[in-house]
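Everything on this sheet refers to the single structure shown next.
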Amino acid sequence: MATPDFIRTIRADAGRQLLWLPGVTAIVFDDEGRILLGRRVDTGKWAVIGGMAEPGEQPAACAVREVHEETGVRCVVERVVLVQALEPITYPNGDICQFMDITLRCRAVGGEARVNDDESLEVGWFALDALPPLDEHAMLRIKQSTQDGPTWFETGPTA
């Protein structure tokens, strides 16, 4: 994922210390019930679509933007699926980030799935019973997106 300019500006002052950042994951379904995935350049692995919200950007607007930028697909957001603080990540350059992920269920409304930027090696639609290998993060988000229950979140310790 390319580092946004606003993060470079923050890093100039903050150095490599932990940054707490908003992240958005878009679980996009087409009319056939297939899910949109991208194979990432940085890891070579298949993943759900997502990215960082820009300062002042609403999560739904971020999801729509990221999906289009990465895949060429136009989508609309249907609902919030999951909210979760993720574990801190240390990047190869030593920068440390921790994301508050907001996962949104989306529906494709146009465009054609294709590699649309430099973050993906491949982009494609997959039936739920024919998914490529995905990490636990992606599988939880997909599972929650297929259910009609309330938004999922981890509860804190009870008093």
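Bear in mind that the values in this text are calculations on the coordinates, not laboratory data. In this text the structure is predicted, and so the values were computed from the model without any measurement. Reconstructed Cβ throughout: ideal geometry from the backbone, glycine too, with neighbour counts over all protein chains shown.
Points worth noting:
- Mean Cα-pair separation over length for the chain, i.e. relative contact order, pairs under 8 Å, 6 or more apart, %: 30
- Angle in degrees between helix 59-71 and the longest Cα principal axis of the chain, rounded to the nearest 10: 70
- Helix-only mean residue ellipticity at 222 nm for the chain, each DSSP H run of n ≥ 4 adding -39500 (n - 2.57), per residue, nearest 500: -6500 deg cm²/dmol
- Approximating the spin labels as points 7 Å out from Cα along Cα→Cβ, the Thr146-to-Ala127 distance works out to 1.2 nm.
- Near Val24: Cβ cut-off under 15 Å, other residues only, Lys/Arg at +1 and Asp/Glu at -1. The net charge is -4.
- Computed label-point distance, nm, for sites Val80 and Ala12 using a 7 Å Cα→Cβ extension: 3.4
- Between helix 5-14 and the chain: long-axis angle, C-alpha atoms, 0 to 90°, nearest 10: 30
- Backbone N under 17 Å from the Asn93 label point (7 Å along Cα→Cβ), restricted to the stretch 51-78: 52
- Listed residue (Gly156, Val24, Met139) projecting farthest to the positive dipole end of the chain, Cβ model: Gly156
- Protection proxy ranking of 121-128, 13-20 - average other beta-carbon atoms within 10 Å, highest first: 121-128, 13-20
- For the stretch 80-159: relative contact order, % (alpha-carbon pairs under 8 angstrom, 6 or more apart): 36
- Protection proxy ranking, peptides 85-98, 45-58, 131-144, 62-75, average beta carbon neighbours within 10 Å, highest first: 62-75, 45-58, 131-144, 85-98
- Using a Förster distance of 25 Å, the FRET efficiency for Asp135-Arg114 (Cβ separation, nearest 0.05): 0.60
- Backbone HN-Hα couplings from phi across the stretch 90-102 [Karplus 6.51/-1.76/1.60, Hz, Gly and Pro as x]: 9, 7, x, 7, x, 5, 10, 10, 9, 10, 8, 8, 10
- Charged side chains reduced to their Cβ positions (Lys and Arg at +1, Asp and Glu at -1) give the stretch 1-153 a dipole of some 180 debye around its Cα centre.
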